[in-house]
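To start, the structure under review is shown below, and the notes come after it.
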Amino acid sequence: VDAFQAWCGPCKPVVDLFRKIRNEVDSDLLHFAVAEVDSIDALEKYRGKCEPVFLFYAGGELVAVVRGANAPLLQKTILEQL
């Protein structure tokens, strides 16, 4: 989940990375989403940050967090979680 604030918007360059990874791994286990933290109370702790935050869930549980648009770390984390 790309957690973003309305004044900053979703991290568009990372969306392209997500598409690339999705096409490469072709796994039904992999789903990407964006969430505006200003409108979701459960994501309140991510408000007021100027860096993008990427949340990784498995089985409904938060299993990893990546702060910042670090493409190599995001790719590594996605592959590790799969």
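The values are calculated or read from the model by the stated rules, or taken from the named source; none is laboratory data. Quick caveat, the model's predicted, so the values are computed rather than measured. Cβ coordinates were reconstructed from backbone atoms using ideal geometry, including for glycine residues, and neighbour counts include every protein chain displayed. To get the accessible areas, we keep the full protein, side chains included, count just its heavy atoms, and leave off ligands, DNA and RNA. Shrake-Rupley method; radii C 1.70, N 1.55, O 1.52, S 1.80 Å.
Observations, loosely collected:
- Looking across D38, D26, D2, one residue alone is at pLDDT below 80 and either of a type in the set (D, E, K, R) or crowded, with 17+ Cβ neighbours inside 10 Å (or both). It is D26.
- Listed conditions (1) out of contact with any helix residue (DSSP H, G or I) (no Cβ under 7 Å at 6 or more places or on another chain); (2) surrounded by 11 or more Cβ atoms within 10 Å (Cβ to Cβ) are all met by H31, apart from (2).
- Selection count, segment 41-75, where residues are in contact with a Leu (Cβ under 7 Å, 6 or more places away or on another chain), open to solvent by less than 70 Å² (accessible area, probe 1.4 Å) and either among the aliphatic types (A, V, I, L, M) or closer than 17 Å to A6 by Cβ (or both): 5
- Residue in segment 8-15 that is open to solvent by less than 30 Å² (accessible area, probe 1.4 Å), modelled with pLDDT of 80 or more and not β-branched (V, I, T) present: no
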